[in-house]
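The values are calculated or read from the model by the stated rules, or taken from the named source; none is laboratory data. Since the model is a prediction, treat every value here as computed from it, not as a measurement. FYI the Cβ positions are ideal-geometry reconstructions off the backbone, even for glycines, and counts take in every protein chain you see.
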Amino acid sequence: MTTELAIVNGTVFDPLNQTGGEKQDIFIRDGKIVNSVRRKARTINASGMVVMPGGVDIHSHIAGSKVNSGRLLRPEDHRKDVEPRTKHTLSGVGHSVPSTRTTGYRYTRMGYTTVFEPATPPLKTRHTHEELNATPIIDKACFPLLGNNWFVMEYLRDGKIEECAAYVAWMLKATKGYAIKIVDPGGVEVWGWGKFLRGLDDTVAHFDITPREIVRGLCKVNKILNLPHPIHVHTNNLGNPGNYLTTIETMDAVRDLDDGKKPIIHITHVQFTGFSGSSWLNLGSGAPEIADYINKHGHVSVDLGQVIFGDTTTMTADGPFQYFLHKLSGNKWVNVDVEAETGSGIVPFQYKRGNYVNAIQWGIGLELALLVKDPWRVFMTTDHPNGGPFTAYPKVIAWLMSSKAREKTMSKINRTAKKRLDLPGIDREYTLEEISTVTRAAPAKSLGLTNKGHLGVGADADVAIYDLDPSKRDLEQNPIAIRRAFKEAAYTIKDGMIMSKKGQITGTRLGRTFYVESTISSELESNLLKEINSKFKDYYTIEIDNYPIAESFLHNPSKISCKAEV
Amino acid sequence: MKQQTTSSVVCTVCGCCCDHLEVTVQDNKIINAKNACAMSSSKLLGYMNERLMQPMIRGKNGFSNCSYEKAIDVTARTLARSRSPLFYGWSLTSCEAIEVGVELAEETGGFIDNTTSTCHGPMILGVHEIGESSCTLGEIRHRADVVVYWGSNPVHAHPLHMSRYTVMSKGRFRRSRSERKMIVIDVRRTDTAKMADIFVQMEPNKDYELLSALRAAVRGDEIEQEEVAGVSVDRIEELAEIMINCEFGALFFGLGLTMSAGKNKNLDAALSLVRELNSKTKFVIMPMRGHFNVNGANNVMTWLTGYPYALDFTQGFPRYNPGETSAVDLLARSECDSSLVVASDPISNFPHQAASNLASIPLITIDPHTTPTTMCSDVVLPSAHVGIETGGTIYRMDGVVLETRTLVKPPKGVKSDVEILSAILRRLKSIRRLG
């Protein structure tokens, strides 16, 4: 049976198709955007409303072993935020680490339809997929962690770049992963011994390789494999004063590999690595310098990791940073290292307006968003739940769109921090078109999702309609209206079906899980398998036969194929 | 018939989930299990003993055989009538079955609990307070130079733990037994203790005191007593020195710690000790989980509801308060008016008051074998063995996830837990719809 839908009279913001606020009707048939539908098709009158493609979150920790450890660690987080069962939804809990179903519903309510889990330990990725299977409505994918992987470090140390590419291709296939994730390259391996690694040129003990070589090597591998998304990097030195230099150094480490086509490195949650100063006392914002670098160099994209004041749960694969945060805050701490691959840590945290450091962090994120000129290379995230839960996105949108909103918050933050930030002097305000860019079009483009992030004919019919009248002047003077509109979409349409209406979930379905397969030459593949086979027993405590995840394990898999150059 | 050998078979006995078994099958019978420990071979070669083959319903004259359809219908009707049913067990089945179980509990507005609440539950309560420093078992194999077993006897309960993952395993940075120090702390000289480099015999139920003293020693605080828990302070300080001076230490504990007096407070102390040690060196801690998928039960329940066990759906959203919403406590207070037990034998294991209450309410059991619980049940549904007769996902004690295999066909007509539970859920929903 064909299902058709027409969205008429809305004001459309579809930056990928150069539609920036024109009245345009959107037609949908069988889950895709089409040119026209029959006259009797169901019609939504979006008059006086904003129509955008469904939101795309490039970096949000929603599934997997560390997220679940975060849930287990924090019953107090759940008790204060429950979602009772309704006609169309099953119940759930969780403020900063919601249960899987609640995650799917909450994103849907905000008009988000695609969310990427950015850090999965390969050995435990079966767990990640189980949770993604249990996250309803939204489409999703996960990035396997490869920056501390023993095979990767050894291949790169030995200069075997093609073999490393073949290994990464095998790994993506085995884990049904989407992109190369690098977290604190080399630093998590060293943390296996409880030690810290600081600089980009420090040597990783026992592996005789530096973080710089890992980042450069995997950047080359990414190119060889023609993967849709660039390397996704959480830099070294995260959370340390002065780390903005490491961030710029990391971006610059791959500058010569740029081919001028599209960004080749994505630095994630750049707020956390945008600290200037030499101690907590003189901590400042490195955002102007980072933004300056990004404005001058086209090979980099970033996402924010915006801080939201309030209670949250920090969780990263950066085990050493989490230990540091535990010592700093005195809060409870979980650490889980994963053999031959990576680690992870979890610490509950409260960002306080009156706290000097937290206020500076809040400023860094917004400064970055406002100082980077090209909205196609800066994406809105809170690094959920590290900067704050994703449910705070409407707040961030209001800050970006309205200097009045920023000023209001700034009047309540630590005064010394306010004095030291550039933010009070920045008057840029995002337009709705730019919001549509940084929350859907640009991340979809960066992820290489050709059917997402836009409303052109043939695109997936993922649409968000917000009850916000763009014809009204002085929208920026009314941040409360902005927040209200983006908090609960008037309609969220996923694959052509209305999934939520005014914040109420009206139906449920299974979203897709994307994964990438890059085909390498059969000779390289067979040599690789021999080598992995010979070392696997030494590196892992499970058998190689039990490592790869079958496609059938994913409830609704969607493969993106590409061809490697080797 | 030809023999067929399958390798990399995942064992479904204890939390070690060893996956290097080679199982030979002939005529739909397992005839050999290479690499298996005594527990594992005994299960693989003896899984047909005391099997249930046919669903049964209790009538006036005792059990009578019936069809699955009938048993499922009676089960669904019983659950639909109940105001607060209890769903219990789950640690010896697959994650897929547990997911259906959680939905059943939510659909009926009942309680769901897994065997954690009578096992390593106190560990989880400790983690809520302190957190934990942990890792996958391979990290210990590669790096650990000190391994402590506390109140745990792996020689009998986790027979391959030491050879595959700890002291006797060969890792990247530790090649042999001589490069590792093994410490056993227990109330008696167990067979594991006999293999240790250092055995410390302590007084029963004094774990909290000994752990706290050790932590004080690690911090460099002076201990004023001469001995704690029957262990001299010199000895405690010596232990602390070994722990501080190792490169990578691991503390494994069994029910000897978890279920001794103090329970979750013992775990507070153990988790705090390990946290303290991390300011001096690298140290991890891990419970020796008993059932092959008890960790999976905790994980599935946590991602679906936020909480790992002892779940209460009576208010339309998940609530969690072990001690109030855990199975033993609910039954002891006679709060449940029916129960569905899956892959567990609570009648044998629960305290008398809880067990007798369980036997007095309508009781439905899904299990491959005849057990005291099935004997007390009103409806019995035979099921296939996960990892032998049907596949499914399971979680090793360290959270590594494995996919089990189907090695042989189940006895004729016998269904899997997932099939049975899904059919009950479907039937229940249709009864609800029809009012």
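Could you pull out the residue among A:Asp427, A:Asp474, A:Asp469 that is free of Cβ contacts under 8 Å to residues at least 40 places away in the same chain, assigned by TED's automatic domain parsing to the domain that holds A:Val8 and of a type in the set (D, E, K, R)?
On the way: A:Asp427 fails: assigned by TED's automatic domain parsing to the domain that holds A:Val8; A:Asp469 fails: free of Cβ contacts under 8 Å to residues at least 40 places away in the same chain.
Among A:Asp427, A:Asp474, A:Asp469, only A:Asp474 is free of Cβ contacts under 8 Å to residues at least 40 places away in the same chain, assigned by TED's automatic domain parsing to the domain that holds A:Val8 and of a type in the set (D, E, K, R).
Mind listing whichever residues of region B:145-156 are closer than 16 Å to B:Arg289 by Cα and either within 14 Å of chain A (Cβ to nearest Cβ) or of a type in the set (Val, Ile, Thr) (or both)? So that I can check it myself, show each step before the final result.
So in region B:145-156, the residues closer than 16 Å to B:Arg289 by Cα come out as B:148-156.
Within region B:145-156, B:Val148, B:Val155 meet the criteria.
Of the numbered conditions (1) more than 24 Å from the chain's Cα centre (by Cα); (2) within 30 Å of A:Pro263 (Cα to Cα), A:Val438 satisfies every one except a single condition; which is it?
(1)
Which one is nearest to the other protein chains (Cβ to nearest Cβ), of the residues in region B:82-101 that are over 16 Å from B:Phe111 (Cβ atoms) and among the charged types (D, E, K, R)?
B:Glu99
So, in region A:326-365, how many residues would count as being under 26 Å from A:Leu423 (Cβ atoms), of a type outside the set (A, V, I, L, M, F, W, C) and not in a strand (DSSP E or B)? Spell out how you get there, then give the answer.
We begin by selecting, within region A:326-365, every residue under 26 Å from A:Leu423 (Cβ atoms); these are A:328-329, A:349-365.
Those left that are additionally of a type outside the set (A, V, I, L, M, F, W, C): A:329, A:350-356, A:358, A:361, A:363, A:365.
This time we only want the ones that are not in a strand (DSSP E or B), so: A:329, A:352-356, A:358, A:361, A:363, A:365.
Number of matching residues: 10.
Can you find a residue in region B:159-176 that is surrounded by 15 or more Cβ atoms within 10 Å (Cβ to Cβ), under 27 Å from the mean Cα position of the chain (by Cα), farther than 23 Å from A:Thr541 by Cα and not β-branched (Val, Ile, Thr)?
Checked against the condition, which is being surrounded by 15 or more Cβ atoms within 10 Å (Cβ to Cβ), under 27 Å from the mean Cα position of the chain (by Cα), farther than 23 Å from A:Thr541 by Cα and not β-branched (Val, Ile, Thr), region B:159-176 yields no hits at all.
Say whether the condition of being assigned by TED's automatic domain parsing to the domain that holds A:Ile182 and over 15 Å from A:Gly387 (Cβ atoms) is met by at least one residue in region A:307-319. Write out each step before concluding.
So the first thing to find is which residues in region A:307-319 are assigned by TED's automatic domain parsing to the domain that holds A:Ile182, and the list is A:307-319.
Next, only the ones that are over 15 Å from A:Gly387 (Cβ atoms) stay: A:317, A:319.
Scanning region A:307-319, I find at least one residue that is assigned by TED's automatic domain parsing to the domain that holds A:Ile182 and over 15 Å from A:Gly387 (Cβ atoms), so the answer is yes.
For region B:393-407, give me each residue that is buried (at least 24 other Cβ atoms within 10 Å of the Cβ), more than 9 Å from chain A (Cβ to nearest Cβ) and among the polar types (S, T, N, Q).
Of everything in region B:393-407, just one residue is buried (at least 24 other Cβ atoms within 10 Å of the Cβ), more than 9 Å from chain A (Cβ to nearest Cβ) and among the polar types (S, T, N, Q), namely B:Thr404.
Go over the candidates A:Ser526, A:Ser500, A:Ser534, A:Ser522 one by one and state the one that is over 20 Å from A:Tyr167 (Cα atoms) and either within 14 Å of chain B (Cβ to nearest Cβ) or small (Gly, Ala, Ser) (or both).
Details: A:Ser526 fails: over 20 Å from A:Tyr167 (Cα atoms); A:Ser534 fails: over 20 Å from A:Tyr167 (Cα atoms); A:Ser522 fails: over 20 Å from A:Tyr167 (Cα atoms).
Result of the check over A:Ser526, A:Ser500, A:Ser534, A:Ser522: A:Ser500.
List the residue pairs whose Cβ atoms are under 6 Å apart, where the first residue sits in region B:129-144 and is more than 7 Å from every other protein chain (Cβ to nearest Cβ) and more than 14 Å from A:Glu341 (Cβ to Cβ), the second is part of a strand (DSSP E or B) and not aliphatic (A, V, I, L, M), and the two are 6 or more positions apart or on different chains.
B:Ala144/B:Phe248
Test A:Glu407 against the stated conditions and say whether it is part of a loop (DSSP other than H, G, I, E, B) and of a type in the set (Asp, Glu).
Here the answer is no, as A:Glu407 does not meet what is asked.
Do any strands (runs of 3 or more DSSP E) entirely within region B:50-154 hold 2 or more residues that are in contact with a Phe, Trp or Tyr (Cβ under 9 Å, 6 or more places away or on another chain), and if so, which? Give the steps one after another, and end with the answer.
On the way: elements: B:56-59, B:62-65, B:85-89, B:111-114, B:131-135, B:146-150.
Once the strands (runs of 3 or more DSSP E) in region B:50-154 are filtered for at least 2 residues that are in contact with a Phe, Trp or Tyr (Cβ under 9 Å, 6 or more places away or on another chain), what remains is B:56-59, B:85-89, B:111-114, B:131-135, B:146-150.
Select from region B:177-192 the residues that are free of Cβ contacts under 8 Å to residues at least 40 places away in the same chain, under 25 Å from the mean Cα position of the chain (by Cα) and buried (at least 20 other Cβ atoms within 10 Å of the Cβ) and list them in ascending order.
B:Met182, B:Val184, B:Ile185, B:Thr190
Among the residues of region A:248-277, how many are in a helix (DSSP H, G or I), of a type in the set (Val, Ile, Thr) and surrounded by fewer than 24 Cβ atoms within 10 Å (Cβ to Cβ)? If you could, list the steps in order and put the result at the bottom.
Just the residues of region A:248-277 that are in a helix (DSSP H, G or I), to begin with: A:248-253, A:255-257, A:270-273.
Now narrow it down to the ones that are of a type in the set (Val, Ile, Thr): A:248, A:250, A:270, A:273.
Narrowing further to those that are surrounded by fewer than 24 Cβ atoms within 10 Å (Cβ to Cβ): A:248.
Number satisfying all stated conditions: 1.
Specify which of the listed residues (A:Tyr323, A:Tyr293) is part of a helix (DSSP H, G or I), within 14 Å of chain B (Cβ to nearest Cβ) and either over 26 Å from A:Asp57 (Cβ atoms) or modelled with pLDDT of 95 or more (or both).
Details: A:Tyr293 fails: within 14 Å of chain B (Cβ to nearest Cβ).
After ruling out the rest, the residue left standing is A:Tyr323.
Among the numbered conditions (1) closer than 30 Å to A:Ala442 by Cα; (2) in a strand (DSSP E or B); (3) more than 20 Å from the chain's Cα centre (by Cα), tell me where A:Val302 comes up short.
Only one criterion in (1) closer than 30 Å to A:Ala442 by Cα; (2) in a strand (DSSP E or B); (3) more than 20 Å from the chain's Cα centre (by Cα) is unmet by A:Val302, namely (3).
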